[in-house]
2 protein chains.
Amino acid sequence: MKIAVLGTGMVGQSLADRLACLGHDVVVGTRDPEATRARREPDGMGNPPLSTWLGSHPSVELTTLPEAAGRAEVIVNATNGAGSLDALSRAGAGHLAGKVVIDISNPLDFTAGFPPTLLVKDSDSLGEQIQRAFPDAKVVKTLNTLNAHLMVDPLSLGQDSSVFVSGDDPAAKAVVVDLLESFGHTDVIDLGDITTARGTEMFLPLWLRLMGALRTPAFNVRVVR
Amino acid sequence: MKIAVLGTGMVGQSLADRLACLGHDVVVGTRDPEATRARREPDGMGNPPLSTWLGSHPSVELTTLPEAAGRAEVIVNATNGAGSLDALSRAGAGHLAGKVVIDISNPLDFTAGFPPTLLVKDSDSLGEQIQRAFPDAKVVKTLNTLNAHLMVDPLSLGQDSSVFVSGDDPAAKAVVVDLLESFGHTDVIDLGDITTARGTEMFLPLWLRLMGALRTPAFNVRVVR
C-alpha cells in the first residue's frame, strides 16, 4: 500500500521503518522537509537527526505534509498530539477525504512539566477531534498505548500483549487490524466507535506511572480474560 | 487483623466476605445500619439485599461508620466514590488517624449517563483528596482497576494478572501488599506515592470500554515486561 507517515519523531520513524520493511510504499511528511533534512544535531531526547535515519532508509522519501498525504492511500498521524490538528490541516482536508487515517497521537500537555496531563479527556478525545475536523476521513485510533518500538514489534516482549482500535468505519478498522497483525500484534481488541478513544488516551497517565515504576518503557498490557 | 469495610455494595461485600474467610475480624460500616438491615428488596443492579448477605456471614457485624472505623486497625473504603469523602468524614478523622486506609473507590460521575466520566482527574485524584482530607491516615489506593469478584479472587481468571498500589507510606503499602497476596494477587506493582492514583483512576474509562467490547467485567490487565 501507499502509506504516508506524518511526523518525523521516534514514532514516525518506527512506523515508517517497519512499513517500508514490510514492502509498503512509504513517504514521510513534515512541515519543512528542507529544515528537517538540514538538521545535523540529535533531538532533545538524544535521538540522531532524521538525516541519519533517511541515509539508512533510501526507499523512504521525505516531503511536505500535503504532498505526502496526497500521494497515500493510508495516512498515519504520528505528529505530536498538541500539534496534530494543525499538522493535519496543513496536510489538507481534501488529501484525507475517503482515506484511512491511523491516529497514533496522544494529547499530552507538558507545559506543567512531567508527568504531562491531557489537553482533552473524559468527555472528548483527540481522536474524536480529528474525526470531527475531517469528517470525510476514516479515523482509526490505535497504538497510542505503547512505546514506539513495541508499536511495530510487540513480540519483542516475548509474550503476547494487547492493542486497541477505535473508529466509526468497520472497513477502515479492518485495514488497520491487518496492518497491526503484520507488525506482530496477536490480540487486537476493537473497542467500538471513535468515542472509545477516550479510554485509550486516558490510559496514558497510568502508562506514564508504570514507566516510572518499572524504569523502562518496554512494557505493554495484556487483557486477560 | 481487625478490619473495617466501609460500604455495603458489591465491592464491600466481596472484600468483607474474603477477609472474613481468611480469618480476619471483619466489621462492616454503613451510614444507617438499621435502614440497611431492614431493606428486603434487591438493589438497582439486581443484587440481593444486604440482610441476605448478613444471614450467610454470621461472623460479620454491621454497624455505623464511626463504630466500624473506631474498632479497626485497617479500614477499607469501599463506598461510592462520589460519597467517599463524606462517608470517611462521618467515620471520623480521629478513627482513621494512624491507620492504614485502603481506598478502592473510583470518582465516577453518572449524572450524564453511561459511560460515566470522572469527578476528579489528571491533576488530582480521589486518592489524593482522601489523603489530604485525612493527613494522619495512611492512604493506599489499590484494587480500583478490577471488578469486585476479581479484586478478591484474581486467580479465577486462570492466568496471572496485575494490580497496583499507590501511597505515601511504605509500611502501609507493605501491609496492603500482604493482604493482596493473600487474595491471590501474584503481580502487585508499586506505582509510587499517592499522586500515582491519578493513573489507576484514569484507567477506568478504558476499563469501561473494555467491559463493553468484551461484554463481561471478568477481565484484568497483566503488565507484560
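The values are calculated or read from the model by the stated rules, or taken from the named source; none is laboratory data. Computed from a predicted structure; not experimentally measured. Ideal geometry is used to build each Cβ from the backbone, glycine not excepted, and the neighbour counts take in all protein chains shown. With ligands, DNA and RNA removed, areas are computed over all heavy atoms of the protein, side chains included. Shrake-Rupley method; radii C 1.70, N 1.55, O 1.52, S 1.80 Å.
Does region B:86-116 hold any residues that are of a type outside the set (A, V, I, L, M) and under 20 Å from B:T142 (Cβ atoms), and which are they?
Residues of region B:86-116 that are of a type outside the set (A, V, I, L, M), as a first pass: B:86, B:89-90, B:92, B:94-95, B:98-99, B:103, B:105-107, B:109-111, B:113-116.
B:G98, B:K99, B:D103, B:S105, B:N106, B:P107, listed by residue number.
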- Task: Collect the residues in region A:182-215 that are of a type in the set (S, T, Y) and more than 7 Å from chain B (Cβ to nearest Cβ), keeping them in residue-number order.
- Result: A:S182, A:T186, A:T195
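Conditions (1) among the basic types (K, R); (2) farther than 20 Å from A:M202 by Cα; (3) modelled with pLDDT of 95 or more; (4) in contact with a Lys or Arg (Cβ under 7 Å, 6 or more places away or on another chain), marked per residue:
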position: B:D103; (1), (2), (3), (4): no, yes, yes, yes
position: B:N106; (1), (2), (3), (4): no, no, yes, no
position: B:M151; (1), (2), (3), (4): no, yes, yes, no
position: B:L155; (1), (2), (3), (4): no, yes, yes, no
position: B:V165; (1), (2), (3), (4): no, no, yes, yes
position: B:D168; (1), (2), (3), (4): no, yes, yes, no
position: B:T195; (1), (2), (3), (4): no, no, yes, no
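Quick check on region A:160-180: of everything there that is open to solvent by less than 10 Å² (accessible area, probe 1.4 Å) and in a helix (DSSP H, G or I), which residue is farthest from A:R18 (Cα to Cα)?
Looking only at region A:160-180, we keep the residues that are open to solvent by less than 10 Å² (accessible area, probe 1.4 Å), and these are A:161-167, A:172, A:176, A:180.
This time we only want the ones that are in a helix (DSSP H, G or I), so: A:172, A:176, A:180.
On the way: A:A172: 20, A:V176: 14, A:L180: 11 Å.
Going through the qualifying residues, I end up with A:A172.
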- Message: Against the conditions (1) modelled with pLDDT of 95 or more; (2) under 26 Å from A:R225 (Cβ atoms), where does B:F114 fall short? Just the number, please.
- Response: (1)
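Do the conditions hold for B:G81, that is, is it touching a Pro at 6+ places or on another chain (Cβ under 8 Å) and within 21 Å of B:V27 (Cβ to Cβ)? Lay out the reasoning, then the answer.
On the way: touching a Pro at 6+ places or on another chain (Cβ under 8 Å): yes; within 21 Å of B:V27 (Cβ to Cβ): no.
No: the conditions fail for B:G81.
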- Query: Of the residues in region A:123-144, how many are over 10 Å from the mean Cα position of the chain (by Cα), open to solvent by less than 10 Å² (accessible area, probe 1.4 Å) and not hydrophobic (A, V, I, L, M, F, W, C)?
  - Reply: 2
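Filter region A:182-225 down to the residues that are assigned to a strand (DSSP E or B) and within 19 Å of the chain's Cα centre (by Cα), then identify the one that is farthest from B:L155 (Cα to Cα). Before you say what the answer is, go through the steps one by one.
Filtering region A:182-225 for residues assigned to a strand (DSSP E or B) gives A:187-192, A:220-224.
In the following step, the residues that additionally are within 19 Å of the chain's Cα centre (by Cα) were identified as A:187-192, A:220-221.
On the way: A:D187: 21, A:V188: 24, A:I189: 22, A:D190: 25, A:L191: 25, A:G192: 28, A:N220: 20, A:V221: 17 Å.
Across region A:182-225, the extreme among qualifying residues is A:G192.
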- Message: I'd like to verify a number: residues in region A:22-39 that are among the hydroxyl-bearing types (S, T, Y) and not in a strand (DSSP E or B), how many?
- Response: 1
- Query: What are the residue pairs meeting all of these: first residue in region A:131-150, first residue free of Cβ contacts under 8 Å to residues at least 24 places away in the same chain and more than 30 Å from A:R222 (Cα to Cα), second residue open to solvent by less than 10 Å² (accessible area, probe 1.4 Å) and among the hydroxyl-bearing types (S, T, Y), Cβ atoms under 8 Å, and 6 or more apart or on different chains?
  - Reply: none
